[in-house]
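Trainee: Quick one: the structure is below, questions incoming.
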Amino acid sequence: MATNRQSLKDLQERLAQRLSAAKTEAATASWLAVEAGGQRYLIPLVQAGEIFPWSPIQSVPYTKPWYAGVASLRGGLHGVVDLARLLNRSLAPATSGDRVSSESRLVSLHAALGVNAVLWIDRLLGLRNPAMFSALGSNPENAPAYFTRCLIDHQGQLWQELDLQALAGESEFLAIAA
């Protein structure tokens, strides 16, 4: 009986340590890591809102190619921005069926940014924190203001940090009419 109590006590201690470690990791996470158009992006957690599963999009005529349309999410209409197309304007415009996969997601901008929009991403890559990166890269030449910095992770992969607050303030982003 004493061995069972000791085993139970050991299990409880291990679980308590794991829970403590998980809380610490969650508290230090700074970015939501996403992929769009084959590129890796970091979205500050304080600027991101809810993550939605893929939802059918109703196209809107006479809008810019990166504006995919509107989606009904939790009873409200949200503008859907094709992040890959917005950031790489040389991509051919996609219809919603061209790139949608089981990993496609819609990430809303935080309500404090005042824009009722979601970003269409190809897939989520998890949470990231500064300790996961070893170096700073350089931004592309003539990069938009919402490209804050490039980071290189320990595996040598390049990540572009996006400033959603700067993006939400861009006149080009706010003017969707073609």
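The values are calculated or read from the model by the stated rules, or taken from the named source; none is laboratory data. Given the structure is predicted, the values throughout are model-derived calculations rather than measurements. Neighbour counts run over all protein chains shown; Cβ positions are idealised from the backbone, glycine included. What goes into the accessible areas is simple: the full protein's heavy atoms, side chains included, and nothing from ligands, DNA or RNA. Shrake-Rupley method; radii C 1.70, N 1.55, O 1.52, S 1.80 Å.
Trainee: Report ³J(HN,Hα) in whole Hz for each residue of region 73-83, in order, from the Karplus equation J = 6.51 cos²θ - 1.76 cosθ + 1.60 where θ = phi - 60°; Gly and Pro get x.
Mentor: Karplus-based 3J(HN,Hα) across region 73-83 equals 10, 6, x, x, 8, 10, x, 10, 9, 6, 4 Hz.
Trainee: Could you tell me what percent of the accessible area of region 52-178 is made up of carbon and sulfur, with a 1.4 Å probe and every protein chain present?
Mentor: On the way: 3620 of 6760 Å².
Of all accessible area on region 52-178, carbon and sulfur atoms account for 54 percent.
Trainee: With each pseudo-label sitting 7 Å past Cα toward Cβ, what's the ASP98-ARG74 distance in nm, one decimal?
Mentor: 3.0 nm
Trainee: In a GNM of the chain with a 10 Å cut-off on Cα contacts, which of ALA145, ALA166, ALA48 has the highest mean-square fluctuation?
Mentor: Looking only at ALA145, ALA166, ALA48, the largest GNM fluctuation is found for ALA145.
Trainee: Please give the length that would be gained between SER134 and ILE51 if that part of the chain were fully extended, namely 0.36 nm times their separation in residues minus their C-alpha to C-alpha distance (nm, one decimal).
Mentor: Working: separation 83, 0.36 × 83 = 29.88 nm, distance 2.78 nm.
Answer, rounded to one decimal: 27.1 nm.
Trainee: Subtract the Cα-Cα distance of LEU8 and GLU170 from 0.36 nm times their separation in residues, and report this length gain in nm to one decimal. Mind showing how you got there, number by number?
Mentor: Working: separation 162, 0.36 × 162 = 58.32 nm, distance 5.71 nm.
Between LEU8 and GLU170, full extension yields an extra 52.6 nm.
Trainee: Then there is this: Hey, what does the equivalent ellipsoid look like for region 44-137, semi-axes from the Cα gyration tensor as sqrt of 5 times each eigenvalue, largest first, whole Å? All intermediate terms of the calculation are to be shown ahead of the outcome.
Mentor: Details: eigenvalues 110, 57, 34 Å².
In descending order, the three semi-axes are 23, 17, 13 Å.
Trainee: Please list, in order along region 111-116, the HN-Hα scalar couplings obtained from phi with the Karplus expression 6.51 cos²θ - 1.76 cosθ + 1.60 (θ = phi - 60°), rounded to whole Hz, x for Gly and Pro.
Mentor: 3J(HN,Hα) across region 111-116, in whole Hz: 4, 5, 7, x, 10, 8.
Trainee: Which value at 222 nm does the chain reach when only helices count, each DSSP H run of 4 or more adding -39,500 (n - 2.57), with the total divided by all residues and rounded to the nearest 500 deg cm²/dmol?
Mentor: On the way: 5 runs with 46 residues, N = 178.
Computed mean residue ellipticity for the chain: -7500 deg cm²/dmol.
Trainee: By how many degrees, 0 to 90 and rounded to 10, does the Cα axis of helix 2-28 deviate from the longest principal axis of the chain?
Mentor: On a 0 to 90 degree scale, this one is about 30.
Trainee: Given all pairs of different Cα atoms, what value in angstroms does the Kirkwood hydrodynamic radius of region 105-178 take? Numbers along the way, then the final one.
Mentor: Numbers: mean 1/r = 0.0708 Å⁻¹.
Averaging 1/r across every pair of different Cα atoms and inverting gives 14.1 Å.
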